[in-house]
Every structure is written in structure tokens, then in C-alpha cells.
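The values are calculated or read from the model by the stated rules, or taken from the named source; none is laboratory data. This structure is a prediction, so every number in the text was calculated from the model and none was measured. Ideal geometry is used to build each Cβ from the backbone, glycine not excepted, and the neighbour counts take in all protein chains shown.
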């Protein structure tokens, strides 16, 4: 065997061995790398959408997001903003008025509409922010409660006819999930069709309706998922006199929820990409 042939054979053998172990290593390492990438991506989302870690936030948006998108598409109202406003106004559905009536947007009742009347309900001594009603009350001892008179809410009661406007059956929506969804849907539809309307007497609502319809006409309905448009809409209807909420801090709170829950991504993932809520929320 010549020296030249031996060196060639040795080089070929060495390259073959190196390639073999390299390929084997790459094949074994792929699943680990993929898993690590997914974990890193999830961590980034959790840091960006920090409110998603709260179970009550997830449950609230799981119940209403699909309906909010449907209503937003029908009436040219941006779904991310609609969902964020609902979160602010209802305390993610946990505020006692919203909880009882289904009025998650805190819409005022007209003269011919039922409103939640004055009520005599307890707070927990250990948590004065928690108002109890219905079967919840009987979970606690008398000395754990502080009873208080609650004034008329002036908010529309979306419970079914015959119950709406009554101090009775305060936990009706808790025990009837389909009616709860119906109440939330009707509330959001009232906001999108009757409040954001050319027939509304206050200028912020009329201007918002004109702006939204013009933008949809120019860019198609997908513009309703644009962040700048959502923020513009929120500031148009809030933070000033004769608007949805006159407090200057209100638009900032709404945008904060929209960003920290990730409502732009969530609604886009469901409507445009066709993902399930579970997959869209967990990305």
C-alpha cells in the first residue's frame, strides 16, 4: 500500500467518522432545541402579556372574546378595544353590578329600560372590596360580614324580562351560563350599535362612528385589529366631557389592559388565523 493511498484512505475514514457523529448529534439535539425555543417563546409572551397569568382574566376573556369579535366585525368597532373597555368597566366581570346584571360595559339605562335597584348586601370584613350576593352569602358566618345599603346603580340590567330590575334572583346569571352569555352579548351589541352611533347626541360617539366607518371603507375590516386605530378610538370616546368616561386616566387604563392582556394578538389569532382561544392564549 503506497503512502499516498494510505493518507487518502485515512482522510476519507476520518471525514466519514466526523460526519457520522455530527449527524447523530444533530438528530438527537433537535427535539431539545425545539423544546427550549418553545419555552423561551412562552416566557417572552408571559413577560409581554403579564395579565394572562391571572385565572380570572383568562376566564373572563374566554367567555366573551369570540362574541366580541363577531359584534366588532358586524358594527365596525375594534374588538381589542371593546374587550379592553369591558375589562376596565366590569373588573373582568367581577364588579358586583356587572356580575349581577351582565352589564360588563357599565352602560346607563334609558328611562324605559330596567336598572339594578338599591340593594342591601354585605362585604367581607377581610376584603371590603368584595360584595356578596345570592348563595355566596351563606358561605360565611354573620360576624365575617358587614352589611351596607347600595344605591340604585343607574346601569341597565341585562337579566331576562321578569327578573331584570328586581332585587331578587341576584345570582341568576351565575346559575344560567347561556343567559349570562346572552346578557354579555346584548350588552356589547348595544355599545357597538347604539352608543358608537351617528344618532348619539354627544360628539365623541358620532366622531368615532364616522372615523371607524371611513377607515374600514379605506382599508377593509382588518384595520379594526390595528393598534394605532384601537388607541385612537379609545381616546376619542374617553378622557373628556360628554364621552364614555370623562376621567383623563380612563383611556390609559384601557390601553394598558389591551396591551398587557395581549388583546390585539388574541383577537387577530382567533379571527384571522383561525386559532382556538386555548392556543391563542397560550402562545
Which ones in segment 130-146 are surrounded by 11 or more Cβ atoms within 10 Å (Cβ to Cβ) and part of a loop (DSSP other than H, G, I, E, B)?
132, 133, 140
Residue in segment 197-220 that is farthest from residue 79 (Cα to Cα), counting only those that are free of Cβ contacts under 8 Å to residues at least 12 places away in the same chain and surrounded by 13 or more Cβ atoms within 10 Å (Cβ to Cβ):
200
Given (1) in contact (Cβ under 8 Å) with a residue 40 or more places away in the chain; (2) closer than 25 Å to residue 60 by Cα; (3) surrounded by 18 or more Cβ atoms within 10 Å (Cβ to Cβ), residue 269 misses just (1)
When you scan segment 153-174, do you find a residue that is assigned to a strand (DSSP E or B), surrounded by fewer than 10 Cβ atoms within 10 Å (Cβ to Cβ) and without any contact (Cβ under 8 Å) to a residue 40 or more places away in the chain, even just one?
no
Got a number for residues in segment 109-129 being surrounded by 13 or more Cβ atoms within 10 Å (Cβ to Cβ) and in a strand (DSSP E or B)?
6
Inside segment 44-60, can you point out the residues that are closer than 22 Å to residue 159 by Cβ and either surrounded by 16 or more Cβ atoms within 10 Å (Cβ to Cβ) or modelled with pLDDT under 95 (or both)?
60
Which numbered condition residue 80 misses (of (1) in contact with a strand residue (DSSP E or B) (Cβ under 8 Å, 6 or more places away or on another chain); (2) under 29 Å from residue 211 (Cβ atoms))
(1)
